[in-house]
1. Checking the conditions here, which among 182, 165 is in a helix (DSSP H, G or I), modelled with pLDDT under 85 and surrounded by fewer than 24 Cβ atoms within 10 Å (Cβ to Cβ)?
2. For the range 17-136, which fully contained helices (runs of 4 or more DSSP H) count at least 3 residues that are under 19 Å from residue 178 (Cβ atoms) and modelled with pLDDT under 80?
Amino acid sequence: MDFVTLFLIAVGLAMDAFAVSLGAGTSGTARTFRPFFRLFFHFGLFQAGMTFLGWLAGSSIAGLIADFDHWVAFGLLVFVGLRMIRSGLINAEEHKKEDLSHGGLLVMVSIATSIDALAVGLSMALVEVNILEACLVIGVITSGLSIVGLLAGGFLGEKFGKRMEILGGLILIGIGIRILIEHL
């Protein structure tokens, strides 16, 4: 597989993480280095890791994963999206903003945005590819686009306030619906 093809695959895979980062940036919870780093690092790590796991599994289990991967991604993204919308509708005094950079939410969103990478890894097992190079490129591109999303979301969040947090939640739900429609 040539580098241009690999780069385009990486950009395609990173779009979900970019959109989620945009939503997370709007909430204003990733303004300091630590949560900012956690988000882009985990998105890149999970994207690369799921690609590698898919490659390891090979094509023998593709049928098993294809039966439910879209439902898992849909459920996780809708759950987190609804929490963000709820947070955007409630006054700041009543409820703190949804912070995607911690614990279970971070893992759920990281898995949900990297489910497609598992399938890509499965397909890479069928073609001649340097899987370590592929995982590195996919992880770096995803982290880079996540940084762009976090920065752009932070700017939009400061400018438009809680409306952007609601938009971020709607984006997550939209990604979940898109994943579900593509697989049905």
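The values are calculated or read from the model by the stated rules, or taken from the named source; none is laboratory data. On a predicted model such as this, the values are computed, not experimentally measured, just so you know. Cβ coordinates were reconstructed from backbone atoms using ideal geometry, including for glycine residues, and neighbour counts include every protein chain displayed.
1. 182
2. 69-89
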